[in-house]
Ligand SMILES: Nc1ncnc2c1ncn2[C@@H]1O[C@H](COP(=O)(O)OP(=O)(O)O)[C@@H](O)[C@H]1O
Ligand SMILES: [Mg+2]
């Protein structure tokens, strides 16, 4: 018998961040404290297949490794087989995007009664939706970019004023707009719109991914990110900066392509009091959205007045050893391997606490 914790490391999945997820899992596997934990990799292929532990180990070693489809349907529902893995003590999901980061997977973990790393169901679902997150940020007193939200039924009505670029630009007070699906990630479906010529195309593109699209006031300034870790008493890292080449933004290509023109700068080259404001805002947002475990919180520093404008919260941030989230904590003195241990400890702490709550009259 081993007294090591058995960790189910779940990765892959059917989102556009599939490859990042495999690299994150492979880095976690290498760095996790082997004196405390045994890892059971659980690979969900890009088609949605849940694979054997043997194949899961292979893809961690060789990221290009693939498996024959077998006779299972291409359906993420296979993940429900986790219910038949009593040996697993704690789950570490590193599955980004839809079904991974939006509360669905977290709901399954609650049903099968296992502790899991990262935010719980409510925070996952709420923070996957950019509009709900902005509404909550505002209630916590944190400034956000002005926005207009367009629902599918409004989009389907050709007379709706929100389909007019001039109307929306007037409403937001600028012609510099970002059009984005409310529930997405990796900059997928997002278009920067600066005149009437591509507004209709931008809406059509965003509505491919979601039934709700946000048109936001474009913020001109510096893009910064900060990392938060913990449950009831979270700690906030320093601030990192995304440096996009002039006249570009942090698009899908700039995030993932080999010829990206974007670099990360840690710590951000910003005044100390601005960094402090970014961190205070991040903590407010983490708490108002009821996050636990971890989140990365992204903001813009508006050039015109230095105001810190919240952009979005990622509850399952990129977690490769060179990703912003772990790098920010490394800078703060918490090494990558130690960060993994702390996240697992926070998962178990939350689980143990939830067990003390009553679900019916005493
Ligand atoms: N309102 C905005 N003003 C300026 N840039 C923006 C705005 N919204 C998005 N961007 C740019 O688009 C990128 C992706 O948008 P974001 O809302 O973070 O979506 P995702 O979840 O896909 O990362 C940001 O990192 C930033 O470069
Ligand atoms: Mg983003």
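The values are calculated or read from the model by the stated rules, or taken from the named source; none is laboratory data. Computed from a predicted model, the values in this text were never measured in an experiment. Backbone-built Cβ (ideal geometry, glycine too); neighbour counts: all protein chains shown.
Miscellaneous remarks
- Residue 206 vs. criteria farther than 20 Å from residue 289 by Cβ and away from ligand 2 (no atom under 16 Å from the Cβ): no
- Leading residue by the ranking (nearest to ligand 2 (Cβ to nearest atom)) among those in the range 289-311 that are surrounded by fewer than 18 Cβ atoms within 10 Å (Cβ to Cβ) and in contact (Cβ under 8 Å) with a residue 60 or more places away in the chain: 302
- Which listed residue, of 141, 189, is without any contact (Cβ under 8 Å) to a residue 40 or more places away in the chain and within 20 Å of residue 311 (Cβ to Cβ): 189
- Residues in the range 231-240 include none that are surrounded by fewer than 15 Cβ atoms within 10 Å (Cβ to Cβ) and over 24 Å from residue 286 (Cα atoms).
- Flag if residue 225 is buried (at least 21 other Cβ atoms within 10 Å of the Cβ) and in contact (Cβ under 8 Å) with a residue 24 or more places away in the chain: yes
- Checked against the criterion of being out of contact with any strand residue (DSSP E or B) (no Cβ under 8 Å at 6 or more places or on another chain) and within 13 Å of ligand 1 (Cβ to nearest atom), the range 208-226 contains not a single residue that satisfies it.
- Of all residues in the range 323-346, exactly one satisfies the criterion of being outside any helix (DSSP H, G or I), crowded, with 18+ Cβ neighbours inside 10 Å and at pLDDT 95 or above, namely 334.
- So residue 283, is it in contact with a helix residue (DSSP H, G or I) (Cβ under 7 Å, 6 or more places away or on another chain) and modelled with pLDDT of 95 or more: no
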